[in-house]
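K.L.:
Next up is a structure, given as structure tokens.
The values are calculated or read from the model by the stated rules, or taken from the named source; none is laboratory data. All of these numbers come straight from a predicted model, not from anything done at the bench. Ideal geometry is used to build each Cβ from the backbone, glycine not excepted, and the neighbour counts take in all protein chains shown.
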Amino acid sequence: MDAESTHQVFDWLWTSGQLSANDIARLPSLGVRNVINLALPSSTYALKGEAELVTGIGLNYIHLPVTWEAPELAQLRRFFVILESLGQETTWVHCARNMRVSVFVFLYRRLCLGEAEDAAAYPLREVWEPDPTWKAFIDAALGEPPIDASPPSSRRASNHG
């Protein structure tokens with residue numbers, strides 16, 4: 001894959017920056033069934049017609065735009081619900097540069113999978129050091145877990161980090 005900052009987190013979860021049309025065409029060969037995009041459609045790196053390219057090859061496309069300057073816990077909750085609803089299906093999550101995604105995946109691993117901070121920090125530490133806005137978002141999420149009475153995840157945390 002040519003997408004910036006591509007990481008396979010688990011057997012079923014990949015993350016990256018913006019996918020190209022060529023990247024999208026290669027997703028089925030990796031067993032990917034779902035693409036989740038956290039970038040805004042107005043992002044500098046946005047791929048015009050991404051939803052059509054993804055769905056055109058038979059994959060599910062979910063767009064959950066997260067504003068860079070103002071991430072919201074409600075969006076994080078929705079992300080958790082989406083990931084959990086996909087079960088064991090292989091999923092690719094991207095944003096413009098894998099910065100938003102790496103934070104959301106870190107929080108998913110901590111809050112939903114119950115992983116230790118060191119394990120959950122992959123690929124966050126490889127991607128970036130969160131700025132004050134995103135550090136505050138992480139602290140808020142960790143201080144008040146966004147999922148209320150959810151059953152523990154049945155996913156296996158087979159880490160590739």
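K.L.:
Could you list, in sequence order, all residues of region 42-61 that are within 23 Å of M99 (Cβ to Cβ) and either without any contact (Cβ under 8 Å) to a residue 40 or more places away in the chain or in a strand (DSSP E or B) (or both)?
P.N.:
S42, L47, K48, E50, A51, L53, V54, Y61
K.L.:
Any residue at all in region 19-37 that is modelled with pLDDT under 95 and at positive phi?
P.N.:
So far as region 19-37 goes, no, none of its residues is modelled with pLDDT under 95 and at positive phi.
K.L.:
What residue, of A136, A119, is in contact with a Lys or Arg (Cβ under 8 Å, 6 or more places away or on another chain), in a helix (DSSP H, G or I) and at pLDDT 95 or above?
P.N.:
Just a single option satisfies the conditions, and that option is A119.
K.L.:
Restricting to region 93-108, name every residue that is surrounded by fewer than 24 Cβ atoms within 10 Å (Cβ to Cβ) and more than 16 Å from R78 (Cβ to Cβ).
P.N.:
A96, R97, M99, listed by residue number.
K.L.:
Considering only region 21-41, state which residues are surrounded by 15 or more Cβ atoms within 10 Å (Cβ to Cβ) and either part of a loop (DSSP other than H, G, I, E, B) or among the aromatic types (F, W, Y) (or both).
P.N.:
If the condition is that a residue be surrounded by 15 or more Cβ atoms within 10 Å (Cβ to Cβ) and either part of a loop (DSSP other than H, G, I, E, B) or among the aromatic types (F, W, Y) (or both), then V32, R33, L38, A39, L40 are the ones that fit.
K.L.:
Which condition number in (1) closer than 18 Å to P123 by Cα; (2) of a type outside the set (S, T, N, Q); (3) touching a residue at least 60 places away in the same chain (Cβ under 8 Å) is the one that L30 fails?
P.N.:
Checking L30 against (1) closer than 18 Å to P123 by Cα; (2) of a type outside the set (S, T, N, Q); (3) touching a residue at least 60 places away in the same chain (Cβ under 8 Å), the one that fails is (1).
K.L.:
Also, I was wondering about something else. What residue, among those in region 120-139 that are over 22 Å from L86 (Cα atoms) and touching a residue at least 24 places away in the same chain (Cβ under 8 Å), is nearest to the chain's Cα centre (by Cα)?
P.N.:
V127
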